[in-house]
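Visitor: I am attaching a structure below and will ask some questions about it afterwards.
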Amino acid sequence: MATEDECRVAIESLIKRLDDVDPDVRRGHMPDRTIGCTLLDLDLTFLGRLEDGHLVDLHTVSNGREPQIRLLCTSDDLVAMVDGNLKFAHAWATGRIHLDASLRDLLRLRGLA
């Protein structure tokens, strides 16, 4: 099981990748939303807000409000995805991860990939 610190590093790496996307593309594809990553084995959620294409106010909660976009996975799967050792599509298709979001948000997220 990955630690909370290892998961924070992984999430910060994802934030950096998002920041590397062209700002006009980010703004065009992702309106302001709350976003969270729930780590099932750590009973912990990283929660933040997408504002103007940037993820801000990242913090952890144990039982917080439901974000508008939520990724559910284990700590090891989060780290493996960020490291490139686990492909999102395979993890999603096999039920290792779950993504809860509106269809519109899913399509917009896909545009960032």
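The values are calculated or read from the model by the stated rules, or taken from the named source; none is laboratory data. Owing to the predicted nature of the structure, the values given are computational and were not obtained by experimental measurement. Only protein heavy atoms, including side chains, enter the accessible area calculation; ligands, DNA and RNA are left aside. Shrake-Rupley method; radii C 1.70, N 1.55, O 1.52, S 1.80 Å.
Visitor: Springs between alpha-carbon pairs under 10 angstrom, Gaussian network model over the chain: which of Asp32, Asp76, Asp20 fluctuates most?
Guide: Answer for the Gaussian network model of the chain: Asp20.
Visitor: Would you calculate, for the chain, the mean residue ellipticity at 222 nm contributed by helices, counting each DSSP H stretch of 4 or more residues as -39,500 (n - 2.57) and dividing by all residues, to the nearest 500? The partial results should precede the final answer.
Guide: Details: 5 runs with 49 residues, N = 113.
So the helix-based figure for the chain works out to -12500 deg cm²/dmol.
Visitor: Tally the DSSP beta bridges in the chain and give the antiparallel ones as a percent, rounded to 5. The partial results should precede the final answer.
Guide: Details: 16 of 21 bridges.
That works out to approximately 75 percent antiparallel.
Visitor: Name the residues whose placed amide hydrogens come within less than 5 Å of the amide hydrogen of Leu44, ignoring near sequence neighbours (fewer than 5 apart) on the same chain.
Guide: Leu39
Visitor: Remind me, relative contact order of the stretch 37-113 in percent, using alpha carbon pairs under 8 angstrom and six or more residues apart? Write out the running numbers ahead of the final one.
Guide: Values: 90 pairs, mean separation 21.1, N = 77.
Value for the stretch 37-113: 27 percent.
Visitor: Carbon and sulfur: what percent of the chain's accessible surface (1.4 Å probe)?
Guide: Values: 3490 of 6630 Å².
Exposed carbon and sulfur together represent 53 percent of the surface.
Visitor: Calculate, for the chain, the solvent-accessible area per residue in square angstrom, rolling a 1.4 angstrom probe over the heavy atoms of the protein chains. Write out the running numbers ahead of the final one.
Guide: Details: 6630 Å² over 113 residues.
For the chain, the per-residue accessible area is 59 Å².
Visitor: Which cross-chain or sequence-distant (5 or more) residues have an amide H under 5 Å from the amide H of Val21, H modelled 1.01 Å from N in plane?
Guide: Here the answer is none, since no amide H 5 or more places off falls under 5 Å of that of Val21.
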